[in-house]
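So the structure is just underneath, and the comments pick up after that.
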Protein chains: 2
Amino acid sequence: MVGLTIGKVAEHAGVNVDTLRYYERQDVIGKPLRNGSNYRLYPEDTIRRVRFVKRAQELGFSLAEIKELLELRVSKNASCANVRDQALAKVDSLNEKIRSLQSMRRALVKLANECSDDGPVGDCPILDALDEKGRVR
Amino acid sequence: MVGLTIGKVAEHAGVNVDTLRYYERQDVIGKPLRNGSNYRLYPEDTIRRVRFVKRAQELGFSLAEIKELLELRVSKNASCANVRDQALAKVDSLNEKIRSLQSMRRALVKLANECSDDGPVGDCPILDALDEKGRVR
DNA sequence: ATAGACCCTAGACCTAGGTCCAGGGTCAAG
DNA sequence: CTTGACCCTGGACCTAGGTCTAGGGTCTAT
Ligand SMILES: [Zn+2]
Ligand SMILES: [Zn+2]
Ligand SMILES: [Zn+2]
Ligand SMILES: [Zn+2]
């Protein structure tokens, strides 16, 4: 056996076989060798690489960003600082998203607090606020 | 003039005309009357309604949720509390998203702090962490 | 009367990250 | 030899919220 079939890789990496073909099309993982029946034969460390991808996704990296990280990993003149810069840039964008969600939350909580428990919907300050008059901030 | 053409509504509400047609297909705004040339003629308050939609989107509501809010508004037996419940449910889901982003951020910051400024990429703790060994948490 | 600005419809296209399907080949077990 | 589990490709489909195009009709000003 010179490699793993796609089904084995998928099983051990915890992904769908179609996901592996998709990653290949997206150049996230390299093109594997083929056997005489045109079956893909993956090297063992593909499993590790796919799990790398999945963990990076959980940290909020897109596939495009993950590709860059993987390229850095094999690049001869990349330094640890290059990787850290990517991570810190991601932290910045996470901060932005978090701030924006927090401001949505603040506005909603404020409106909900003004809402009376069982008045008619015509007097609802939430609907009123959405319904013109001025921005919810 | 018995109503506003789609272009006027779009201009005053700050959206694309296609967006208005899209909202109509999605039943977010009602079907307007048509004139003899089959042009849409909107009542004045459509502008207000579209702005309502845009503000609700900024608060994180999906179009489907906004539809529900708008239905509540015209529902005879809806109370203020119904609206507040929707708002609080949205707050819950915002909380979840925020927590998840914060946990990504925590993990990334931790990794970046361990990263040496200019060691070779082969020793990068970020790549190491992604690259097997165990979950980043 | 004709240019340019609007309007109409149906349907394609876009992002992201896959998933699924049709139609066909391969391989091992019984 | 047949059955079932795999594998292959290309392309369609999905969500969400739109945007854009093609091909046509209408309206207004010059
Ligand atoms: Zn395994
Ligand atoms: Zn590093
Ligand atoms: Zn206006
Ligand atoms: Zn209320």
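Throughout, read-outs are computed from the coordinates displayed, never taken from laboratory work. Since we're looking at a predicted model, the values are computed, not measured. Because the Cβ atoms are built from the backbone with ideal geometry, glycine has one as well, and the counts that use them run over all protein chains shown.
If you take each beta carbon of peptide A:41-53 and count the beta carbons of other chains within 10 angstrom, what is the mean?
1
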With 19 Å as the cut-off, how large is the P(r) tail for chain B, expressed as percent of Cα-Cα pairs? 66
Sites A:SER103 and A:SER37, calculated FRET efficiency, Cβ-Cβ separation with R0 45 Å, nearest 0.05: 0.20
Out-of-range pairs (alpha-carbon distance over 28 Å; input B:LYS90/B:LYS110; A:LYS90/B:LYS97; A:LYS90/B:LYS90): B:LYS90/B:LYS110
Mind checking the mean number of beta-carbon atoms from other chains within 10 Å of the Cβ atoms in A:113-124? 5
Cα extents of segment A:63-137 along the three principal axes, largest first, in whole Å? 68, 22, 18
As a Kirkwood estimate from alpha-carbon pairs, segment B:1-81 has a hydrodynamic radius in angstrom of 13.3
Label point 7 Å beyond Cα along the C-beta direction, distances from B:GLU58 to other copies (nm, shortest first): 3.7
Just to be sure I understand the curve: with the Debye formula and one point per C-alpha of the protein assembly as shown, what is log10 I(q)/I(0) at q = 0.09, 0.11 Å⁻¹? -0.67, -0.83
Counting each DSSP H run of 4 or more residues in chain A as -39500 (n - 2.57), what helix-only mean residue ellipticity at 222 nm follows after dividing by all residues, to the nearest 500 deg cm²/dmol? -19500 deg cm²/dmol
Once both labels are modelled 7 Å past Cα along the beta-carbon direction, what's the A:SER93-B:SER62 spacing in nm? 2.3
10 Å Cβ neighbours from other chains, averaged over peptide A:92-103: 4
For the residue pair B:ASP117 and A:SER116, what label-to-label distance in nm results when each label sits 7 Å from Cα along the Cα-to-beta-carbon direction? 6.3
Would you pull out the residues with amide H under 5 Å of A:LEU4's amide H, same chain only if 5 or more places away, H placed 1.01 Å from N? A:TYR42
